[in-house]
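A quick write-up on the structure given underneath.
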2 protein chains.
Amino acid sequence: MTDAAMTVGLLHPGEMGAAVGATLVAGGARVRWASEGRGPETRARAEEIGLEEARSLEGVVRSARVILSVVPPHAAAEVARAVGALGFTGLYVDANAVSPETARHIGRSVEQAGARFVDGGIIGPATRQPGAARLYLSGPGAAQVAPLFSAGPVSAVVLDGPVGAASALKMAFAGWNKGMQALLASIRALAIAEGVDAALLSEWALSMPDVPARSERAVRDNARKAWRFVGEMEEIARAFAQAGLPTGFHEAAAEVYRRLAAWKDGAPPGVEEAAAALLAPSTADRPLRGSRFSGRAAPKT
Amino acid sequence: MTDAAMTVGLLHPGEMGAAVGATLVAGGARVRWASEGRGPETRARAEEIGLEEARSLEGVVRSARVILSVVPPHAAAEVARAVGALGFTGLYVDANAVSPETARHIGRSVEQAGARFVDGGIIGPATRQPGAARLYLSGPGAAQVAPLFSAGPVSAVVLDGPVGAASALKMAFAGWNKGMQALLASIRALAIAEGVDAALLSEWALSMPDVPARSERAVRDNARKAWRFVGEMEEIARAFAQAGLPTGFHEAAAEVYRRLAAWKDGAPPGVEEAAAALLAPSTADRPLRGSRFSGRAAPKT
């Protein structure tokens, strides 16, 4: 599968997709991407790492034996459906942050269209540093996909589990990492709202000395990607529901990231600025799910 | 206020109350407790640290100029009401893990009965190690209470804020500490349910090396106290609602601790055993609040 003739389709070369694409190219694959409807940043990344442009999705589907989907979670099922509708019969890898249930649903949809399905989940930052990120793979075709990643920087790890296992691992990892960061940002917002933020930082300095800096990072590192985390938190809530666990952690985390979504791709806010957004959601915001409380404090100004 | 004649009432000498009581005794106060309805462990602790037994709550109220309430959060308002109903006119300190709103409600109830009110919140473990725990105090009478704690081991910190500030600080601190531990225990349960726990521990060992041990502690250190954390998580959800923040984190945390409540005062479970309880709530368990999902996976056996 790693011979020079292998053509892989990559949907899409966003930040994480570009790290995956660079790995595939380094391993000797021809990597095609669909440029239709994509922005200039995506094109610049694609050209920089040596991807071949196919204008349309159909152009990718016709030439690729393997297609990797690396998209925001809310788009994962639709991308799979579109690939299936174009008659793809190769190996389809969903590498997205979706629940095991959603992964199985996507798998059935591409298999019904005549393709084979491999479940995937990427853990680690979207950099091109060797060893920074891992693509976990599961399901019968997983061992065929892994050699495409032999050159790095993204490495592949085949899990001994069915379709759903790679997605479950991603849900568990991100459920802690992004869930706890949403909680931590909310805690700072509560302390600021109540006028006890300085006292909280002093107490943490005594008893949990790493937490003040972690709470700053929870805001600074996540605000520009928050728009993309909303769907991921909803998928994690779905995975919790499927396992019989309470869904509130990640429904709340989705709400936190929704309120931070305005910083998409911009300079990150400070903790106080982020707190103001968390405490004063827009009036267009949908009512809180999961609240036992009939009322809600008036937004602060 | 620290002269030998000062009598302080302590409701009740549980584990944390005993650390507070030992501090008051060390500072020279006479400390009375109400033995009516309390168990043998409480009596043993009270005798060990030199508290004076008053059989009834009335006996405490009649002799004390200051009363400290150190009880599980769900009992805080009722204890204050009972003290007020007995005509207490001294200084009443609620040191419990309640929301600022609940603290203000308790304050109004004791003030209407003729007493003065100080808001408090205890942060730190219920040990008698010097410096381990701090009683934060806020409101007009706070500076009068602090000298009672001059001898330690529990120290007092007066916040520059109104009634509600000390409770808010406690909510923020416990909202992170106990909220994130409930999340972490749930994440292990999800990984176990999906058969990816070993893979998660391997990934954490690479990318977040302190998390495996933290997840073990989240179960081991909390299970025997979980019954008491349910009300505390509900108070934190209330504080979040009051500030306009999403309540789901701590509604879910309350549910997690509710499912662990069976280990009250017993030997703690391992992670797998705790996961089984988290994944298979009893059928008497109330339906999940806050779930957007109409169905819920059948409890695993």
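The values are calculated or read from the model by the stated rules, or taken from the named source; none is laboratory data. A quick note: this is a predicted structure, and the numbers were derived from the prediction, not measured. Using ideal geometry, Cβ is built from the backbone for each residue, glycine included, and neighbour counts are taken over all protein chains shown.
Out of A:Ser150, A:Ser155, A:Ser167, A:Ser109, one residue alone is closer than 14 Å to B:Glu194 by Cα and among the hydroxyl-bearing types (Ser, Thr, Tyr). It is A:Ser167. Residues in segment A:241-253 that are buried (at least 24 other Cβ atoms within 10 Å of the Cβ) and in contact (Cβ under 8 Å) with a residue 12 or more places away in the chain: 7 in all. Residues that are within 7 Å of another protein chain (Cβ to nearest Cβ) and under 18 Å from B:Glu234 (Cα atoms) were ranked within segment B:175-199; the one that is surrounded by the fewest Cβ atoms within 10 Å (Cβ to Cβ) is B:Met180.
What number goes with the only condition from (1) away from chain A (no Cβ under 11 Å); (2) on the phi > 0 side of the Ramachandran plot; (3) touching a Pro at 6+ places or on another chain (Cβ under 8 Å) that B:Arg224 does not pass? If we test B:Arg224 against (1) away from chain A (no Cβ under 11 Å); (2) on the phi > 0 side of the Ramachandran plot; (3) touching a Pro at 6+ places or on another chain (Cβ under 8 Å), just (2) comes out false.
Going by what's in this entry, would A:Pro209 be described as on the phi < 0 side of the Ramachandran plot and more than 10 Å from every other protein chain (Cβ to nearest Cβ)? Spelling it out, A:Pro209 is indeed on the phi < 0 side of the Ramachandran plot and more than 10 Å from every other protein chain (Cβ to nearest Cβ). Considering only residues that are hydrophobic (A, V, I, L, M, F, W, C), touching a Phe, Trp or Tyr at 6+ places or on another chain (Cβ under 9 Å) and within 8 Å of another protein chain (Cβ to nearest Cβ), look in segment B:227-245 and name the one that is nearest to A:Gly248 (Cα to Cα). Among those residues, the one meeting the criterion is B:Ala237.
With respect to the stated conditions, B:Leu86 fails to be in the same structural domain as B:Ala151 (by TED's automatic domain parsing) and within 26 Å of B:Met233 (Cβ to Cβ).
So that you can scan it fast, the table gives a plain yes or no per residue for (1) within 30 Å of B:Arg134 (Cα to Cα); (2) surrounded by fewer than 23 Cβ atoms within 10 Å (Cβ to Cβ):
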residue: A:Asp94; (1), (2): no, no
residue: A:Ala103; (1), (2): no, no
residue: A:Gln129; (1), (2): no, yes
residue: A:Ser150; (1), (2): no, yes
residue: A:Asp160; (1), (2): no, yes
residue: A:Phe173; (1), (2): no, no
residue: A:Leu201; (1), (2): yes, yes
residue: A:Ala205; (1), (2): yes, yes
